[in-house]
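Notes to accompany the following structure.
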Amino acid sequence: KVCMISAMVVGLIVLICRVFVWDTVEVEAATYDYGIVFTYSDKSSKTMSDFIYLPNYKNGNLPNNTINTVCEELGITWDYNTKTLTFNNTNFVTTYQKALEIKSTSNVSINIVWVGKNTIKSTGTDSGIVINSGISVNMGSNSSGTLEVSGAAHGIFSESDITIKGGTLISSSSESGYRGIRAMNVNITGGIITAKGGSSNVESDYVAGIL
């Protein structure tokens, strides 16, 4: 009887362990095939669909409510009054050439902040975040958590100025000859920044993290 009881106890423990392991298996995050383009303009309407376009998403034929829903699911919000783009536990990994492109129809300064663990990554041919000329970006002010950006080319590429004010920012390139952060000017006033250029097997081919 003692042996039978012991066997039953062991079997129960094994069953509990198996259930525990099965219940804690993490599902691999989805990889998307479209990009996100944010274009600032001084519009009377202030909804996300006025500023966000999703190239390659179902051939680009998107009603406004679909854009709003996609942004909500990704944890991306835009506050027009403070000109702040927020990532809240955003996990956006895409095969599209640019994961996030930021543009403007006029010279403007916007803020990018983040909460929790965030990933903006392109496995395509370009960069994780691309910022066009005419739009300067302040990053990380009042941010908590991390923002990790990466691309086959630069992690972050900007034709304008970037100012990093806080938060934890990790930006990297996966290809030789590219930078973790490449911008017209990079100003750092706070935060924890890791910028890694693409690796190279050529000793003379030095790749800077920030340029």
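Of the residues in segment 149-164, how many are under 18 Å from Lys196 (Cβ atoms) and either open to solvent by 10 Å² or more (accessible area, probe 1.4 Å) or assigned to a strand (DSSP E or B) (or both)? Selection size over segment 149-164: 10.
Restricting to segment 108-119, and then to whatever is under 16 Å from Ile36 (Cα atoms) and among the polar types (S, T, N, Q), can you tell me which residue is surrounded by the fewest Cβ atoms within 10 Å (Cβ to Cβ)? Spell out how you get there, then give the answer.
Initially, segment 108-119 is screened for residues under 16 Å from Ile36 (Cα atoms), giving 112, 118-119.
Imposing the further condition that a residue be among the polar types (S, T, N, Q) reduces the set to 118-119.
Numbers: Asn118: 25, Thr119: 19.
Filtering first and then ranking leaves Thr119.
Within segment 154-167, does at least one residue satisfy the condition of being among the β-branched types (Val, Ile, Thr), within 14 Å of the chain's Cα centre (by Cα) and within 17 Å of Lys103 (Cβ to Cβ)? Taking every residue of segment 154-167 in turn, at least one turns out to be among the β-branched types (Val, Ile, Thr), within 14 Å of the chain's Cα centre (by Cα) and within 17 Å of Lys103 (Cβ to Cβ).
Here are some residues: Val70, Val14. Which one is at pLDDT 80 or above and open to solvent by less than 70 Å² (accessible area, probe 1.4 Å)? Steps first, answer last, please.
On the way: Val14 fails: at pLDDT 80 or above.
None of the other options fit; the residue is Val70.
Could you check, for segment 42-65, whether at least one of its residues is open to solvent by 40 Å² or more (accessible area, probe 1.4 Å), at positive phi and at pLDDT 90 or above? No, segment 42-65 contains no residue that is open to solvent by 40 Å² or more (accessible area, probe 1.4 Å), at positive phi and at pLDDT 90 or above.
Does Thr194 satisfy being surrounded by fewer than 22 Cβ atoms within 10 Å (Cβ to Cβ), assigned to a strand (DSSP E or B), under 16 Å from the mean Cα position of the chain (by Cα) and at pLDDT 95 or above? Explain how you work it out, then say what you get.
On the way: surrounded by fewer than 22 Cβ atoms within 10 Å (Cβ to Cβ): yes; assigned to a strand (DSSP E or B): yes; under 16 Å from the mean Cα position of the chain (by Cα): yes; at pLDDT 95 or above: no.
Here the answer is no, as Thr194 does not meet what is asked.
Each residue in segment 93-121 was checked for being without any contact (Cβ under 8 Å) to a residue 60 or more places away in the chain and touching a Lys or Arg at 6+ places or on another chain (Cβ under 8 Å), and 2 of them qualify.
For segment 77-100, a residue qualifies if it is touching a strand residue (DSSP E or B) at 6+ places or on another chain (Cβ under 6 Å) and in a strand (DSSP E or B), and the qualifying residues are Thr77, Trp78, Thr84, Leu85, Thr86, Phe87, Asn88, Asn91, Phe92, Val93, Thr94, Leu100.
Once segment 120-148 is narrowed to residues that are open to solvent by less than 30 Å² (accessible area, probe 1.4 Å) and among the hydroxyl-bearing types (Ser, Thr, Tyr), the residue that is nearest to Asn185 (Cα to Cα) is Ser127. Checking Thr66, Thr94, Thr84 one by one, the residue that is more than 12 Å from the chain's Cα centre (by Cα) and closer than 21 Å to Leu169 by Cα is Thr84 and no other.
Could you check how many residues of segment 165-190 are aliphatic (A, V, I, L, M), surrounded by 15 or more Cβ atoms within 10 Å (Cβ to Cβ) and in a loop (DSSP other than H, G, I, E, B)? The qualifying residues number 1. Whenever a residue of segment 165-189 is on the phi > 0 side of the Ramachandran plot, its partners that are β-branched (Val, Ile, Thr), lying with C-beta atoms within less than 7 angstrom and at least six residues away or across chains, give the pairs Gly177/Val207.
The values are calculated or read from the model by the stated rules, or taken from the named source; none is laboratory data. As the structure is a prediction and not an experimental result, all values here were calculated from the model. Virtual Cβ from ideal backbone geometry, glycine too; neighbours counted across all protein chains shown. Calculation scope for accessible area: heavy atoms of the full protein, side chains included, ligands and nucleic acids excluded. Shrake-Rupley method; radii C 1.70, N 1.55, O 1.52, S 1.80 Å.
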